[in-house]
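Where a number appears in this text, it was derived from the coordinates with a stated rule and is not lab data. Note that the coordinates shown come from a computational prediction; the quantities given were computed from them, not determined experimentally. Reconstructed Cβ throughout: ideal geometry from the backbone, glycine too, with neighbour counts over all protein chains shown.
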Amino acid sequence: MRSNQTEKFFLFAKILGSLMILTGLLALFTRRPSDHIRITWLDILLFAYIAYVSVNRFVVAHPEGFTLKYYQLLALAVLYLIVRQIPKEYQGYLLYSMLVSGILQAVYGNLQLFDRYPSKHALFNITGGFFNPGPYAGYLAMILPMALALWLEHKNHKVSTGIKLIPDALPTIRFFSNLRTLPALLSRIGGMFRKSEFLKQLMSVTVKYISVIAVATILVVLPATRSRAAWLAVVISALFVLIRYYGPAAIFGKYLKTTVRKVLAGVVVFLVSFGFITGIYYLKKDSADGRLLIWKITAGMIADRPLTGHGYEKYQAHYMSYQADYFAHNPDSEASYVADNILYPFNEYLKAACELGFTGLVLVISVLVIILVDKTGRRKSHPKPYPLPPVAGMVSLCVFSFFSYPAEILPILINMVILLAVTAGYHGYTIKAVPYRYIIPAGVILIIVLAFKPVKNLYTAYSTWDEGYRIYQMGAYDESIASFQESYDRLKTNGEFMVMYGKALSMAGRHPQAIRILIKAQDFLKNTILYTALGDSYKALGQINKAEKTYLKAYYMIPSRFYPKYLLAKLYDETGQSEKAVVTAAELIHKKEKLNSTAIDEIRVEMERIIENNKIKRQPCKVHGRAIE
């Protein structure tokens, strides 16, 4: 189920298990100069964040919901530890592998544009390997400034990052030659390759052109994604790279020597920035207005629980109720035409504050401050290197996070963890590790033993859910319920699963069961689908007042939609509430539609029939400010 996202997690889990085994073997058999571990403030803050999230999830977020995101968080923490074990001299490989992946994704997107490969979304012709052009653009936007920084440093032979930009040829031979079980002959062979000038030049040219190709291919495909957040992230992160690399004086000081020039430059920058922001706003105005509405309502959620938040991964369990309350108190708001069922606020900082409170937000901001603050030259006698390429990627991600949902996208999170782990090695202090060589293998065995069965069971549950969903789509509701029941024990705290299961029960006529499941689902996810299905089951059991309330709640969640109020009009008509039926039907007839469709035309015909069939003396009433008969 949701294969474009979930299968990435299960593949990641398998690869991570292999990496853990390899890391354990290397720790056990490789000679190390000393048993020391370098701990940094970034390490401490990141694991404080994980500890806080865990406490918040099991204490504040009651009842705690289930999503893959918490499993991903724990898996990413393991990946972070693995990458932190990699010596700095090999970290350049990680950065260049990210550039290669960016090139491949950019080529993939171009092939989709030319209809060589299918898109993964019915509404968009370019998605890369993602389900939506937004995450795809964010992934590319994260890699482009890294490529720019690596190209500048290679071009000028300036290794200010401390990262080896041109790694030795065949370092694997040298690395494994340190294993006790391999003969010294391998080390001599590796030395011969390392002395080869041809291989060094080949590596130098390859490194240079990988960066250039990455910048060029991403710039070609990025405009086609129409992602304003990604464009803004690229512009700001590229400026960050240029200013950090050359220095503000080198870029601006040469031309801004007089006050008049400075004033004119300020005016030009203001006008260009204003024009750019206005342009990207009007490019997709409805989308921008929708996000402003989401941020406004999310701010109200934060105000209600500012310290600890509503609970980890509880945003989707509360947001739609707040949106319904907002429109119930603002029935004439034009914002109703940009409202929709919302799962995330398109702003990771607001989400952190909403779910984890300001405590969690402070931890997140502290991590970013440590990454972005340049400590180079703070002590002139011992200047610390500043890892510009990984920091540039993080700057892009930080900007993108203001307008999108990168924390929901596993490939972006994997890149982020690699960049954090690479950056973490540039400040901190060293502590003695007591039997370091044996702690890692023991930890590997423990994690694999604890995680293997839950992940395997989770995979089975998602596969069975997918089977039930496919049967449900064919209209065989009773048959689909068997598959949902099989997955229930493992997914009973997954909101999307529970809503789908409850909807299937309602469609199959098992209304008492449907009500029980859908009421439980409210603890984990709220949307219009849940409340229309719940209203249908209440109606079928003759619980008219409850049906009316749930239909109204579904309507206020997204007032621009016709279907919830159509169900309400039908309820009034079938239960003999003639006056309410006529008023509701008249509202739907005169209601302004967001997009015209055949379904809306059919609803209006049905409402005309309800008005005609209710033979009562109707007094003039007002609908949307107009008197009707």
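Values as computed for the structure displayed
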read-out: Rough spin-label spacing in nm, given labels placed 7 Å along Cα→Cβ, for V362 and T258; value: 5.1 nm
read-out: Net +/- balance of residues flanking L293 in space, Cβ distance below 12 Å, scoring K and R +1, D and E -1; value: -2
read-out: H590/T206 FRET efficiency (R0 41 Å; Cβ-Cβ; nearest 0.05); value: 0.05
read-out: Qualifying aspartates and glutamates (Cα of each under 12 Å from Cα of K314; at least 8 residues distant if same chain); value: E64, E355, D523
read-out: For the stretch 480-493, Karplus couplings with θ = phi - 60° (6.51, -1.76, 1.60), whole Hz, Gly/Pro x; value: 5, 4, 4, 5, 5, 5, 5, 8, 4, 4, 8, 10, 6, 10
read-out: Amide proton proximity set for I126, modelled H, under 5 Å, gap of 5+; value: none
read-out: 30 Å Cα-Cα threshold exceeded, pairs from K456/K546; K69/K570; K69/K594; K456/K526; value: K456/K546; K69/K570; K69/K594
read-out: The stretch 493-570 versus the stretch 78-136: alpha-carbon centroid distance in Å; value: 39 Å
read-out: Relative exposure of V212, V83, judged by other C-beta atoms within 10 Å (fewest first); value: V212, V83
read-out: Fewest-first ranking of Y319, Y326, using other Cβ atoms within 10 Å as the exposure measure; value: Y326, Y319
read-out: FRET efficiency for L446 and Y90, using Cβ-Cβ distance with R0 set to 30 Å, rounded to 0.05; value: 0.70
read-out: Label-zone membership for the stretch 483-517, site K546, 7 angstrom Cα→C-beta point, backbone N under 19 Å; value: 498-517
read-out: Nonlocal amide H pairs with A61, under 5 Å, H built at 1.01 Å; value: Y312
read-out: Gain upon complete extension [F274, L307; 0.36 nm per residue less C-alpha separation]; value: 8.4 nm
read-out: Radius 15 Å from Cβ of I414, net charge of other residues (Lys, Arg +1; Asp, Glu -1); value: +2
read-out: Stokes-Einstein D (µm²/s) once Rh is taken as the Kirkwood radius of the stretch 262-377 over alpha-carbon pairs, at 37 °C in 0.692 mPa s; value: 198 µm²/s
read-out: Hz values of 3J(HN,Hα) by residue in the stretch 96-106 - Karplus curve (6.51, -1.76, 1.60), Gly and Pro given as x; value: 6, 5, 5, 5, 4, 5, x, 4, 5, 5, 5
read-out: Value of D in µm² per second that Stokes-Einstein yields for the stretch 480-628, Kirkwood Rh from Cα pairs, at 10 °C (1.306 mPa s); value: 97 µm²/s
read-out: Neighbour-count ranking [beta-carbon atoms within 10 angstrom, fewest first] of L388, L271, L541; value: L271, L541, L388
read-out: Estimated FRET transfer efficiency (K580, K285; beta-carbon r; R0 35 Å; 0.05); value: 0.45
